[in-house]
Amino acid sequence: MEILDELSALHEMDRKKDFKALVNQRIIHHSVEKTDLVDELIRQVFTGLIAIKIDGDSECFLIDVRTYPGRQPEEPDNEKVVRGSRDGFVENIIVNTALTRRRIRDKGIRFEMLEIGERSKMDVAIGYIEGIANKELIDIIKQEIKQIHTDGLVMTDKSLEEYIVKQGFNPYPMVRFTERADIAAEHLLEGHICTYIDTSPSVIIAPSTFFHHTQHAEEYRQSPAAGTMLRFIRFTGIAASIILLPL
């Protein structure tokens, strides 16, 4: 309504001028794009954008005024720490990428947006730092995502993992999930690739090894000796559970 009020308040002389220029000048606090494709127009309207069509013009203005219901970033229940940040990922992909970018203010950080689902049109972002991440692995993940043909990706992160990871009969996890923004940022700095899915508070981290699944955020906030000791105790417990239990 605010946009319509702004445009309807134009004087008669202003309306006779270039209407495209007036829209760009008047609607300055919103993201405005132009398109002349009907399919693109329909897709963007279904995602929450509003469209302004000028009589006699082949192009249409798409204005982003979306607001999604959601919760505020809070500490994940399964990754609590004694010391450290208390903000975690939510179900909004824009908020999640912003939480990551807040921690890595580097010109090389990239978030490439893709779309999955013939009907759901789910947004997926591939996050990495250019110059650190493996370019071949980035291309492989993007190619696997582009080859997904399905009506929808309702179960989000787990469904996407099954599409892009050829696990076979391997019982061990091939990727790592996290709901903490600091953990995702730390892995990006180490050269990993994070995949963000809209409506999911979890981020897929790849590649990952067995040792990545034994890490905890608390270790990053301990002294090197204490962190190493905690990890050694954890490895000892894993080995004991494998070797001693059959006995």
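The values are calculated or read from the model by the stated rules, or taken from the named source; none is laboratory data. Owing to the predicted nature of the structure, the values given are computational and were not obtained by experimental measurement. Cβ sites come from the backbone with ideal geometry, for glycine too, and all protein chains shown count toward neighbours.
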Just for segment 80-97: of the residues that are among the charged types (D, E, K, R) and touching a residue at least 12 places away in the same chain (Cβ under 8 Å), which one is surrounded by the fewest Cβ atoms within 10 Å (Cβ to Cβ)?
ARG83
Looking at ASP39, is it loosely packed, with under 13 Cβ neighbours inside 10 Å, without any contact (Cβ under 8 Å) to a residue 12 or more places away in the chain, acidic (Asp, Glu) and farther than 28 Å from ALA181 by Cα?
yes
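Rundown of residues vs (1) touching a Gly at 6+ places or on another chain (Cβ under 9 Å); (2) closer than 21 Å to ILE94 by Cβ, yes/no style:
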position: LYS135; (1), (2): no, no
position: LYS146; (1), (2): no, no
position: THR156; (1), (2): no, yes
position: PRO173; (1), (2): no, no
position: ARG180; (1), (2): yes, yes
position: ILE193; (1), (2): yes, yes
Selection count, segment 29-62, where residues are within 19 Å of ASN92 (Cβ to Cβ) and either of a type in the set (A, V, I, L, M, F, W, C) or assigned by TED's automatic domain parsing to the domain that holds VAL124 (or both):
2
Residue check for LEU245: outside the structural domain of MET122 (by TED's automatic domain parsing) and over 15 Å from MET122 (Cα atoms):
yes
Return a yes/no flag: does segment 127-143 have any residue that is at pLDDT below 90 and surrounded by fewer than 14 Cβ atoms within 10 Å (Cβ to Cβ).
no
Name the single residue, out of those in segment 225-237 being among the aliphatic types (A, V, I, L, M) and surrounded by 13 or more Cβ atoms within 10 Å (Cβ to Cβ), that is farthest from the chain's Cα centre (by Cα).
MET229
